[in-house]
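The values are calculated or read from the model by the stated rules, or taken from the named source; none is laboratory data. Nothing here was measured: the structure is a model prediction, and the numbers come from that model. In this analysis, Cβ positions are derived from the backbone assuming ideal geometry, glycine residues included, and neighbour counts consider all displayed protein chains. These area figures cover heavy atoms from the full protein model, side chains too; ligands, DNA and RNA do not enter into them. Shrake-Rupley method; radii C 1.70, N 1.55, O 1.52, S 1.80 Å.
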Amino acid sequence: MKNGTRQGSFISPYFFTVYMRCVTKDVIQTGIGCHIGNKPVCILLYADDIVILAPSWCALQCLLNVCADSITKLGMSLNVSKSVTIPYRTARHVPYSFSDFTLNGIILNTVDSSKYLGNIISARDDDNRDIMLLLRAYTTYVRPIVEHDPVVSSPYTVKDIDTVESVQRRFTKRLPGYNSLAYSERLKRANLLSLELRRLHFDLVWCYKILYFYIYLL
């Protein structure tokens, strides 16, 4: 392409999609992909990000070649410096060794994890990094709102206590791998205390400060 689409224009994504249809069609027509629900899935697209899925080294290199050739025919180019490969293993203890992947004759970096759409995709098949980010966001932005001035406005009825606790209960239930766990087990795994117990801690701290004159009440 001699001219690119304007950054921020509402019609730019449409033009990009029109161009990428040819690339998507060429890649899908290879019939190569990882089977999800008895259907081969080989390419994922979001904006200008492309993810290629393949069941083997030869299959992935073939898809990379098809994708690169199709994009070159359109007068476009891939950013090789931002492209990486992540190999997955069915058994973690089995070592693997394979040749480097290439894109337009340039060797691609092979990594254990990479960020895609704000999430960390890991070859270790765990969600620990994403869970840590979600927990950090929860304890930084959500929990302080729920615990605003807990000494003065602490709930005392069973209904109000359950209503406040349901915020953290729903959050922990939506963490990856936590859905089937009991609430107490989710708190233990996430290293969190229940909101009711945290309010009790706040009350005890304030009582201590009042008794030992760290705080003067008028």
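In the stretch 157-175, of all residues being open to solvent by less than 50 Å² (accessible area, probe 1.4 Å) and closer than 16 Å to residue 133 by Cα, the one that is nearest to the chain's Cα centre (by Cα) corresponds to 175.
Six or more apart or on different chains, Cβ atoms under 8 Å: show the pairs whose first residue is in the stretch 70-88 and touching a residue at least 40 places away in the same chain (Cβ under 8 Å) and whose second is of a type outside the set (A, V, I, L, M, F, W, C). From the stretch 70-88, the pairs are 70/26; 71/77; 74/19; 75/2; 76/19. The residues listed here are 143, 174; of these, the one that is under 27 Å from residue 209 (Cβ atoms), in contact with a helix residue (DSSP H, G or I) (Cβ under 9 Å, 6 or more places away or on another chain) and basic (Lys, Arg) is 143.
When the stretch 123-149 is limited to residues that are of a type outside the set (Asp, Glu) and in contact with a Leu (Cβ under 9 Å, 6 or more places away or on another chain), the one that is surrounded by the fewest Cβ atoms within 10 Å (Cβ to Cβ) turns out to be 139. Against the numbered list (1) touching a residue at least 40 places away in the same chain (Cβ under 8 Å); (2) acidic (Asp, Glu); (3) loosely packed, with under 12 Cβ neighbours inside 10 Å, residue 203 comes up short only at (3). Residues considered: 60, 44. Of these, the only one that is without any contact (Cβ under 8 Å) to a residue 12 or more places away in the chain, among the aliphatic types (A, V, I, L, M) and within 16 Å of residue 114 (Cβ to Cβ) is 44. State whether the residues of the stretch 3-15 include one that is assigned to a helix (DSSP H, G or I), surrounded by 14 or more Cβ atoms within 10 Å (Cβ to Cβ) and at pLDDT 80 or above. Within the stretch 3-15 (the criterion being assigned to a helix (DSSP H, G or I), surrounded by 14 or more Cβ atoms within 10 Å (Cβ to Cβ) and at pLDDT 80 or above), the answer is no, since none of the residues qualifies. Restricting attention to the stretch 50-58, does a residue exist that is open to solvent by 70 Å² or more (accessible area, probe 1.4 Å), closer than 19 Å to residue 15 by Cα and not in a loop (DSSP other than H, G, I, E, B)? There is no residue in the stretch 50-58 that is open to solvent by 70 Å² or more (accessible area, probe 1.4 Å), closer than 19 Å to residue 15 by Cα and not in a loop (DSSP other than H, G, I, E, B).
The helices (runs of 4 or more DSSP H) located wholly in the stretch 100-217 that include 1 or more residues which are closer than 30 Å to residue 63 by Cα and modelled with pLDDT under 85 occupy 128-137.
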